[in-house]
Structure formats: C-alpha cells, structure tokens
1. Can you pull the semi-axes for the chain, root of five times each eigenvalue of the Cα gyration tensor, sorted largest first, whole Å?
2. Express in nm, to one decimal, how much length is gained between residue 27 and residue 141 on full extension, taking 0.36 nm for each residue of separation and deducting their alpha carbon distance.
3. Of 192, 132, 222, which is farthest on the positive side of the dipole of the chain, counting Cα position, with +1 on Lys and Arg Cβ, -1 on Asp and Glu Cβ, and the Cα centre as origin?
4. Name the residues whose placed amide hydrogens come within less than 5 Å of the amide hydrogen of residue 161, ignoring near sequence neighbours (fewer than 5 apart) on the same chain.
5. For residue 228, list long-range residues whose amide hydrogen, built 1.01 Å from N in the peptide plane, is under 5 Å from its own amide hydrogen.
6. Per residue, how much space in cubic angstrom lies within the convex hull of the C-alpha atoms of region 93-182?
7. Return one quarter of the surface area of the convex hull spanned by the alpha-carbon atoms of region 23-131, equal to its mean projected area, in nm².
8. Once you put a point 7 Å from the Cα of residue 96 and another 7 Å from the Cα of residue 151, both along the Cβ direction, what distance in nm separates them?
Amino acid sequence: MPKPMKISLAAVLVASLLGCAAVNYQAAVDSPVRTEQDRGADALRRPAGFLEFTQVRPGMQVLDVLAAGGYSSQLLALAVGPAGTVYAQNTQPRPALAERLSSNPQANLVAVVRPFEDPLPPGAPPLDLITIIQSYHDICNLPVDRVKMNQRLFAALKPGGHLVVIDHAARSGTGVGDTKSLHRIDEAVVRADFLQAGFKLEAEGDFLRNPADPRDQKSYGSRIPTDKFALRFVKP
C-alpha cells in the first residue's frame, strides 16, 4: 500500500504561489468581502495553506461540515468562484453565518441546516470536496452516528473526490477521551473512522503542526498555537 504524501508548510506556500493565478488562492484570502475578524485569525489558520491542501478548484461542488460562522466556507466559495457551490452545513441556524451572508451576499455560498447523518439538501449534485475543519472532535461529543455520517459523506463524493479533516491534535492513545474536556482528538481516531468508511488516505499536511504544543491543554484560549493535523482522504 502506498504511503500518504506528507506536505510541508514550505511546499504548500510554494505551490500556492505558483498556482494562485490558476486557482486564485491568494485572491480568495485577500478578498474585500472577508471580515476583519477573519483576517485576525489568518495567522493561526493559514488560509492559503488550507486552500492549497484541499486542492479546491474553480467550479467545484463543496460541502463544509459544521461550518459554524463560515470562516472556511467563505474562503472555499471564493476559490470555487461563480461556477461552483459551497454548502455550509450546520445542524441549527448560525447567526454569525447569516450575518456574513447578509453583509456580503455570495450566490455560491449556501447555508444548509441539516443533520450530520444526512447533511446535503435534496437535489444536491455529486461533490468534489468535503471539509471538516476543527470540528470533528465536536461531532464526537454529540449523539451522532459517525459511521452513518461518514458513509453518507463517502456516497456524496464523486469517485476521486476528496475529504479533508483538520483538527486539534490530542495526545496519541487518548482516543476520544479529550474531545469534550480539551476539544482535541487523537489523530488515529480520525484515520480509522474514514478508512472504515471506504476512504484512502492520500496526504498529510504539517502546515499547522506545532511540536511545542504538549497537547494537554484546552485548544481554545491556548497560550501557544495548537498542534493541528491535516488529513486528505480520497474516494477511490
């Protein structure tokens, strides 16, 4: 079995710079529709590296699971352009997302209120990309059938489509033991869940890694940037 590709921050940035004219990653990051609050988070979240790692392209159909206020959803919508669509899924209406869309309407960014086990609206086309950004640990804390959810996500993707998970890393061997107390998750759990659903691990990104993080403190309000893993799965 081939090993998943490992992608460094330097490689992500070089690729982003070389490819930004074609896929407009930097233009998405620099877009005037983005809020000052979002820009303030960019140093920690590295949006250009995120977009490059997802391999999002103009015209794609994308689902952002547990989109919350839409930080990642809006970046993805800017990258796919008017020919693409991003479905920003939450299980209940999010005022911050509604405010984002009210302040700067984007026809290709669609707020969706759906359960995790069936996150797409009726009639949605097959997807090119699914993202779950810093929220899989939250899903683990909810009464969600993750097996059913992940099977549904697998079915929603086109063959060759990608699913990207980024989350705060817990200590190895902790499983889901820190998902509620520290808002972190053991990377091994994420790998196992999506491999079980039929995905193949294609690439790992270290552009959000921080080896100085002891991974034993809460992810929010941390004194240092948290260590985050980035995994890109593919549907064979």
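1. Semi-axis lengths for the chain are 24, 21, 19 Å.
2. Working: separation 114, 0.36 × 114 = 41.04 nm, distance 3.59 nm.
Full extension of this stretch gives 37.5 nm more.
3. After comparing all options, I get 192.
4. Excluding prolines and chain starts, which carry no amide H, the hits are 235.
5. Amide H neighbours of residue 228: 169, 209, 210.
6. On the way: hull volume 12.4 nm³, N = 90.
Here the figure is 137 Å³ per residue.
7. Values: hull surface 25.3 nm².
Taking the Cα atoms of region 23-131, their convex hull projects to 6.3 nm² on average.
8. Between residue 96 and residue 151, the label points sit 3.3 nm apart.
Values quoted throughout were computed directly from the atomic coordinates according to the rules given, and no laboratory measurement underlies them. Only a predicted model underlies this, so the values are computations on that prediction, with no experimental measurement involved. For neighbour counting, all protein chains shown are included, and Cβ atoms are generated from backbone atoms with ideal geometry for every residue, glycine included.
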